[in-house]
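The values are calculated or read from the model by the stated rules, or taken from the named source; none is laboratory data. Quantities reported herein were computed from a predicted structural model and do not represent experimental measurements. For neighbour counting, all protein chains shown are included, and Cβ atoms are generated from backbone atoms with ideal geometry for every residue, glycine included. The protein model used for the area step is the full one, side chains on, heavy atoms only, and it has no ligands, DNA or RNA in it. Shrake-Rupley method; radii C 1.70, N 1.55, O 1.52, S 1.80 Å.
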Amino acid sequence: MPLLREHVNPWLIKLLGWTGLFQPATTRPGWALLPRVVILAIMILPIISSLTREVMNAVPGSQREAVLALGATRWEMIRVGVLRNARIGIVGAVILGLGRALGETMAVTMVIGNTPQIQRSLLSSGSSMASVMPTNMPRPLAICI
């Protein structure tokens, strides 16, 4: 968060401040949505990339060879022969990654600032459903189950 607050945020405000997404924070600078997005992206990227790699490796070699035999280039073979056959698995990998991001409530709660207001700027604090549920739970979740 200090790296984003001191180096990245001023750069984003200067370059993209006109869009409204990167306005300077008015409350609790540093506790913002942008660090949450960065942390969740780092957390889910390994799962999505490893599952996507496995799905792409599961495409039969005969399918790849058939596309190449028809005169396709290597990129066309990847685009037509591999990605078309693996797209359902890639969507599944993305959904599993997003499910993990939703489950990582404590990282979100500590970074976002827990302000129950909807803000226009990614540099201002906020809250998400994943961080509101554990903080507003009247009793432990294990008792509810």
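R0 = 35 Å: FRET efficiency of Ile13 with Met56, Cβ-based, nearest 0.05?
Result of the calculation: an efficiency of 0.35.
Skip the ligands, DNA and RNA, and give the accessible area per residue of region 1-102 with a 1.4 Å probe, whole Å².
68 Å²
Please compute the net charge surrounding Asn85, taking Lys and Arg as +1 and Asp and Glu as -1 over other residues with Cβ under 12 Å from its Cβ.
It works out to a net charge of +4.
Using packing as a proxy for protection, rank 60-66, 90-96 so that the peptide with the highest average count of other Cβ atoms within 10 Å comes first.
Final packing ranking: 90-96, 60-66.
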